[in-house]
Every structure is written in C-alpha cells, then in structure tokens.
Amino acid sequence: MPIKVSLNEDESLILIESSGALLRREAGWGAERVGELARQHAVSGILFDSTQIQKQNSPSLSGEIISGFIQAIESEIPIAYVRPACWDEAYLEQVAIRIEDIPANSRVFDTVSAARDWLCDATGCKAAPI
C-alpha cells in the first residue's frame, strides 16, 4: 500500500508517508486511520509527507485527492502537507486552484523540514519532531 499512517515516539504527531501512485481508495483509508488516531491520542499535529508520490495525470485529480483527504480528517489539529517532489511550479499552480475548502489549520510545504518548523510554531512545539 502506498500510504503509511503512524504516530511518532511520544504520540504527539501523526505521521503520514506515501509513495508511488496514490489513489482515492488509499487516501480514503489513510484519512480514516488518521481520524482514528486523532480520537485515540492527544496529538498536536499531522505531518503528511508525500514527497515520493508519483505525479498524477491530472492536476484536478491531485487537487481532489488532497482536498478530500484534508476535509475527511475533520479536525482542528494543524495539518502540514509536503507536496510531491515531482511537481514543478506549473503543476503545483494547477493543483492549488483545484483544491477546495482547505481549513485554515492546513498548509502546503515544499520540504519536510519547513513543514516540521511550521508545526512546531503552530502547536507551540507540542508536536515533537519525528
């Protein structure tokens, strides 16, 4: 499966790692698992590392998967999404205009380190790094 959902060592951060071709079904499973962990543990942040995901054929599909995933979590927990490394700026722009209703507690980043820094700021460093 191209998506893995886990907790960091002190269970303050949900880690989502994905690679390869991520489809709606896998994203849906991932969102369900994140929701379960968020209800069961006192997590302060969510880090979604998709740097290894393959580029979809359509920016619309990429935007739909991201929107659906983030909206399905239904939480006020800060969500840091690290975009796939294979996306160039033109593709990213096309995806960004197709993402709908992203909560204010979510941000998209180019690197995992930038995402971690933002999560630390957003949570007062309650979301310990990986």
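Only one residue in PHE69, PHE48 is surrounded by 13 or more Cβ atoms within 10 Å (Cβ to Cβ), at pLDDT 90 or above, in contact with a helix residue (DSSP H, G or I) (Cβ under 8 Å, 6 or more places away or on another chain) and not hydroxyl-bearing (Ser, Thr, Tyr), so which one is that?
One residue alone meets the criteria, PHE48.
Which helices (runs of 4 or more DSSP H) does region 23-130 wholly contain that include 1 or more residues that are closer than 19 Å to VAL5 by Cβ and free of Cβ contacts under 8 Å to residues at least 60 places away in the same chain?
The helices (runs of 4 or more DSSP H) meeting that bar are 24-40, 59-73.
Among the residues of region 1-11, how many are over 14 Å from PHE48 (Cα atoms) and touching a helix residue (DSSP H, G or I) at 6+ places or on another chain (Cβ under 9 Å)?
The number of residues fulfilling the criteria is 2.
Run down LEU23, LEU37, LEU13, LEU7 and say which single residue is of a type outside the set (Gly, Ala, Ser), in contact with a His (Cβ under 9 Å, 6 or more places away or on another chain) and more than 17 Å from VAL108 (Cβ to Cβ).
Of the residues listed, the single one that is of a type outside the set (Gly, Ala, Ser), in contact with a His (Cβ under 9 Å, 6 or more places away or on another chain) and more than 17 Å from VAL108 (Cβ to Cβ) is LEU7.
A quick yes/no check of all residues on (1) under 19 Å from ALA31 (Cα atoms); (2) surrounded by fewer than 13 Cβ atoms within 10 Å (Cβ to Cβ):
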| position | (1), (2) |
| --- | --- |
| ASP88 | no, yes |
| VAL95 | no, no |
| ILE99 | yes, no |
| VAL112 | no, no |
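The values are calculated or read from the model by the stated rules, or taken from the named source; none is laboratory data. Source: prediction; values computed, not measured. Cβ coordinates were reconstructed from backbone atoms using ideal geometry, including for glycine residues, and neighbour counts include every protein chain displayed.
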